Amino acid sequence: MSSDYGKHYSVQRREVLKFFSESLGDRSVGPTYLDLTFGAGGHTTSILKEIPNSFVYAVDQDIEAINNGETKLKELDLTDRCKLLKMNFSEFEEYYKSSLSDEGVKFDGILMDLGVSSHQFDQISRGFSFRESAELDMRMDGTNDQIQTAKDLVNELDEEELANVIFEYGEERYSRRIAKAIVEKREEAEIVDTKTLEDIVFHCYPKKDRFKKIHPATKTFQALRIAVNHELEVLATASEFLPNFLAPGGRLAIISFHSLEDRIVKRSFKKRVLEDKAHFKILTKRPLMAEEDEVSENPRSRSAKMRVLEKL
Ligand SMILES: C[S@@+](CC[C@H](N)C(=O)[O-])C[C@H]1O[C@@H](n2cnc3c(N)ncnc32)[C@H](O)[C@@H]1O
């Protein structure tokens, strides 16, 4: 597997740094951060470089991201200011209780930059993209055999379950038609690769809609990715417990990329403030979007929405 993490662009980097550094006040000596979606390490290394004496705990469930991170931190001479942890961020509460709470660690900033990294997406063998043919996999934790892959879901869910996944997680209006076509196709032979699935979905779209700006298979692939990685469940779990780990004045920033995620973040922040007005405040009445200059450099940032919760 190739491991080119070279050309990486961290979404809303400026805004994250602003939120994390402006709240420090007098506590600018030795602030501690938690980056739950390390990826190519763009946000983590920016924090380490630009916030003096900072320390970052960084989490990723993808072993390739962790291995690449170790090399990168060494090259940048930042190893002693960052601890890399390979885990699903939904497991962080357990880790915190067993390894950090006794030391009284609290975070001045916690970041989640959700979704797949461009590295994962561009690595054809991971099966996230339908640009070229690859086995339908889509596990972000690519070495975990306990997780059902996209191939498992496509071949094993019944027609109604498939339609529901594609409708709920992909907001795909042709979900029933697509599920039916998948079931018909797999009766002939197991559906194994991305191109076969792309072709099935493509032909479920009316002819007039097949060549629009967004490819017909995009929503179905998004839906399967979300289902494979349980993305909404782990986000809901983590956004409940993360505010508990903030230091006074600390901020939890979550960057999401579609309305399903943003809705979960919005609701969990509101709920926390309702339950505990004395200790929490939402800093972003509306989600913060990327600036035009960022969008023109990195089109993926167009759909980014950042929400920030502060511990008072
Ligand atoms: C969009 S990338 C992050 C990019 C990073 N902020 C940077 O600047 O390089 C998202 C990363 O989060 C990881 N990730 C997504 N969901 C996760 C989860 N539930 N637990 C742990 N890591 C997760 C993915 O494996 C991926 O590497």
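The values are calculated or read from the model by the stated rules, or taken from the named source; none is laboratory data. Here the structure is a predicted model, which means the values were calculated and not measured. A quick note on method: Cβ atoms are made from the backbone with ideal geometry, for glycine too, and the neighbour counts reach across all protein chains shown. Ligands, DNA and RNA are stripped out before the accessible areas are found, and what is left, the full protein with its side chains, is counted by its heavy atoms. Shrake-Rupley method; radii C 1.70, N 1.55, O 1.52, S 1.80 Å.
Looking at this structure, is K86 more than 8 Å from the ligand (Cβ to nearest atom), open to solvent by 70 Å² or more (accessible area, probe 1.4 Å) and either of a type in the set (V, I, T) or in contact with a strand residue (DSSP E or B) (Cβ under 8 Å, 6 or more places away or on another chain) (or both)? Here the answer is yes, as K86 does meet what is asked.
Pick from I264, I178, I200, I182: which is touching a Cys at 6+ places or on another chain (Cβ under 7 Å), buried (at least 17 other Cβ atoms within 10 Å of the Cβ) and part of a helix (DSSP H, G or I)?
Numbers: I264 fails: touching a Cys at 6+ places or on another chain (Cβ under 7 Å); I200 fails: touching a Cys at 6+ places or on another chain (Cβ under 7 Å); I182 fails: touching a Cys at 6+ places or on another chain (Cβ under 7 Å).
Of the residues listed, the single one that is touching a Cys at 6+ places or on another chain (Cβ under 7 Å), buried (at least 17 other Cβ atoms within 10 Å of the Cβ) and part of a helix (DSSP H, G or I) is I178.
In the condition set (1) of a type in the set (A, V, I, L, M); (2) within 16 Å of the ligand (Cβ to nearest atom); (3) open to solvent by less than 10 Å² (accessible area, probe 1.4 Å), L100 is compliant with all but (2).
To keep it simple, each residue is scored yes or no on (1) within 24 Å of S301 (Cα to Cα); (2) of a type in the set (D, E, K, R).
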site: M112; (1), (2): yes, no
site: F121; (1), (2): yes, no
site: R131; (1), (2): yes, yes
site: V154; (1), (2): no, no
site: N164; (1), (2): no, no
site: E168; (1), (2): yes, yes
site: E171; (1), (2): yes, yes
site: E184; (1), (2): no, yes
site: E187; (1), (2): no, yes
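Looking at the structure I just gave you, is V228 within 16 Å of the ligand (Cβ to nearest atom), open to solvent by less than 10 Å² (accessible area, probe 1.4 Å) and β-branched (V, I, T)? For V228, the condition - within 16 Å of the ligand (Cβ to nearest atom), open to solvent by less than 10 Å² (accessible area, probe 1.4 Å) and β-branched (V, I, T) - is met.
Return yes or no: is V192 more than 24 Å from G115 (Cβ to Cβ) and open to solvent by 40 Å² or more (accessible area, probe 1.4 Å)? Write out each step before concluding.
Working: more than 24 Å from G115 (Cβ to Cβ): yes; open to solvent by 40 Å² or more (accessible area, probe 1.4 Å): yes.
Yes, satisfied.
Being acidic (D, E), more than 8 Å from the ligand (Cβ to nearest atom) and open to solvent by 40 Å² or more (accessible area, probe 1.4 Å), is that true of even one residue in segment 45-54?
Kept after step one, since they are acidic (D, E), are these residues of segment 45-54: 50.
If we keep only those that are more than 8 Å from the ligand (Cβ to nearest atom) as well, we get 50.
Pick out the ones that are also open to solvent by 40 Å² or more (accessible area, probe 1.4 Å) and you get 50.
Within segment 45-54 (the criterion being acidic (D, E), more than 8 Å from the ligand (Cβ to nearest atom) and open to solvent by 40 Å² or more (accessible area, probe 1.4 Å)), the answer is yes, since at least one residue qualifies.
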